[in-house]
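Have a look at the structure below before the remarks.
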Amino acid sequence: MKYYLGVDIGTFESKGVLSDGAGNIIASAAKPHKMLVPQAGWAEHRADADWWDDFTFITKKLIADSNVAPSDIKAVATSGIGPCMLPVSAKGEPLMNAVLYGVDTRAAREIDELNAGIGAERILDYCGNALTSQSVGPKILWLKSNRPEIYAATHKILTCSSYLVFRLTGEYVIDHYTAANNTPLYSAADLKWSEELTTKIIPLDRLPECKWSTDIAGVITAKAAAETGLAAGTPVTVGTIDAAAEALSVGVLNPGDMMLMYGSTIFIIALTSARVRDARLWYAPWLFPGQHASMAGLATSGTLTHWFRENLARELDPADAIIKLSAEVAASPAGANGITMLPYFSGERTPIHDTNAKGMIFGLDLTHTRGDLFRAFLEGIAYGTNHVFETYDDVGESPKNIFAVGGGTKNRVWAQATSDVSGKTQIIRAKTMGASYGNAFLAAVAVGDAEVSDIAKWNPVATEFKADAGAAEIYRKQYKVFRELYERNKDLMKG
């Protein structure tokens, strides 16, 4: 029997899946960790304690729980939060905590500096992406300017998946989808690192080698085998960012397909027939040659439910707090009795790309309850998601199929509000393990034991969320308030 192992490192939790050749989940495992916020606007992980230790815990648990012989695991694939920035030494040792994706906004000054020096339009044309808090290039420049001793000692700049692949195989690689987020160091047309726009950030030989996600990066070393419980010599794929693996796990295969990932942040991937050039969205070559992806993401989504629980529901047991809060929400009607919330608690990514944006709760009076507030939080995320949908409409890439995935799909109020606000149907696949399951599938594809189209057999459609026409008018009015709140207050948010 052949088996395939996938591990994903998320913002707050790592997950792993062991599947067989038919896509059946033989075992699964998870391990939580924290996102470090050492100061406002910063977001970090510890590469060893949060990434590698989680990885080794999960692989050992999957092997122990399944009783599968490590030699029967034919390939391993991994993904992780991204894009992020981790400088490592010549021995591959982390030199500092990893700087996370767009929720970390420390490089705002460097974004302005690069735009001024190169030109925002030129960057967008050449790289396919405008410079935003999601971009790795400005964060490397931040490192150079603010931590010169670490920059000088840096042998390679890695991301989450490339660090895990290095620990497993000793190879420094990165997939094209992830590399494209290293604006302005990646050429979207040539699919390679480039100094065309700047030489001031970092020498290109300090970046990992670009490959495709299903390429084999190398095999598990004897040292990695001892630490993970996996068999030495097992093939390891190049890997990718978690959202891409998650999109594949739910069958995003063709132009017009879109993934809506409900996680600590909302993340959206739409496959398009050609490269989309729009500063409000992100671009990357897809996981396979010749395909294109257009991405979007909110800065805080599921993270807000953590914040709400920790600050406004402290008396509830964290194990079932969301269930109890959801029961309170049931007593609040669509529209949260007039409360509108801006979810910009860590600035905002797409489509406004405003690191100064602030959260706001508007419309409170003495009749409101905690249930109203929690519903308003979920609806505020739905409004932000609809703003992204409208952006795709603007660029002529309205989705034909929206495949929803992630823990938020289990929150019916949140998922239903997203359909009600947008008027769009969301398709839910049978297996919602997400990126770790997509990685197991990628591992099977990488060694030739599955075709990409087989994901429909591995993970069939289970249900759908359809818009409720009765709530449409309420949300139409409230969405207008949502949009106006930001436009009227954005100047005040710059302080």
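The values are calculated or read from the model by the stated rules, or taken from the named source; none is laboratory data. Remember, it's a predicted structure, so these values are computed and weren't measured experimentally. Here the Cβ is made from the backbone with ideal geometry for all residues, glycine too, and neighbour counts use every protein chain on show.
The number of residues in the range 458-475 that are assigned to a helix (DSSP H, G or I) and either at pLDDT 95 or above or surrounded by 12 or more Cβ atoms within 10 Å (Cβ to Cβ) (or both) comes to 5. When restricted to residues that are free of Cβ contacts under 8 Å to residues at least 24 places away in the same chain and either assigned to a strand (DSSP E or B) or within 26 Å of Ala299 (Cα to Cα) (or both), the range 77-100 contains 0.
Give the residue, chosen from Val165, Val103, that is at pLDDT below 95, of a type in the set (A, V, I, L, M) and either touching a strand residue (DSSP E or B) at 6+ places or on another chain (Cβ under 6 Å) or buried (at least 18 other Cβ atoms within 10 Å of the Cβ) (or both).
Numbers: Val165 fails: at pLDDT below 95.
Residue meeting the stated conditions: Val103.
Inside the range 87-100, can you point out the residues that are touching a Leu at 6+ places or on another chain (Cβ under 7 Å) and either more than 19 Å from Pro203 (Cβ to Cβ) or surrounded by 16 or more Cβ atoms within 10 Å (Cβ to Cβ) (or both)? Outline the logic, then answer.
Going residue by residue through the range 87-100, those that are touching a Leu at 6+ places or on another chain (Cβ under 7 Å) are 87-89, 94, 97-98.
Result: Pro87, Val88, Pro94, Asn97, Ala98.
Closer than 27 Å to Thr303 by Cβ and crowded, with 19+ Cβ neighbours inside 10 Å: which single residue out of Gly41, Gly16, Gly23 fits that description? Going through Gly41, Gly16, Gly23 in turn, the sole match is Gly16. Residues considered: Leu204, Leu230. Of these, the only one that is assigned by TED's automatic domain parsing to the domain that holds Gly117, surrounded by fewer than 23 Cβ atoms within 10 Å (Cβ to Cβ) and of a type outside the set (Phe, Trp, Tyr) is Leu204.
Quick test for you: out of Tyr151, Tyr101, pick the one residue that is farther than 16 Å from Glu44 by Cα and of a type in the set (Phe, Trp, Tyr). Even if it seems obvious, please write down each step before you answer.
On the way: Tyr101 fails: farther than 16 Å from Glu44 by Cα.
Just a single option satisfies the conditions, and that option is Tyr151.
All of (1) more than 19 Å from the chain's Cα centre (by Cα); (2) farther than 26 Å from Leu485 by Cα hold for Ala404 with one exception: (1). When restricted to residues that are out of contact with any Asp or Glu (no Cβ under 6 Å at 6 or more places or on another chain), under 26 Å from Tyr101 (Cα atoms) and either modelled with pLDDT under 95 or not aliphatic (A, V, I, L, M) (or both), the range 348-373 contains 8. If you filter the range 193-233 down to residues that are β-branched (Val, Ile, Thr), under 24 Å from Asp65 (Cα atoms) and outside any helix (DSSP H, G or I), you find that the one that is farthest from the chain's Cα centre (by Cα) is Thr221. Of all the listed residues (Ala327, Ala319), the sole one being over 24 Å from Lys490 (Cβ atoms), small (Gly, Ala, Ser), surrounded by fewer than 18 Cβ atoms within 10 Å (Cβ to Cβ) and more than 26 Å from the chain's Cα centre (by Cα) is Ala327. Taken as a whole, the condition of being out of contact with any strand residue (DSSP E or B) (no Cβ under 6 Å at 6 or more places or on another chain), under 23 Å from Asp420 (Cβ atoms) and modelled with pLDDT under 95 applies to Ala327.
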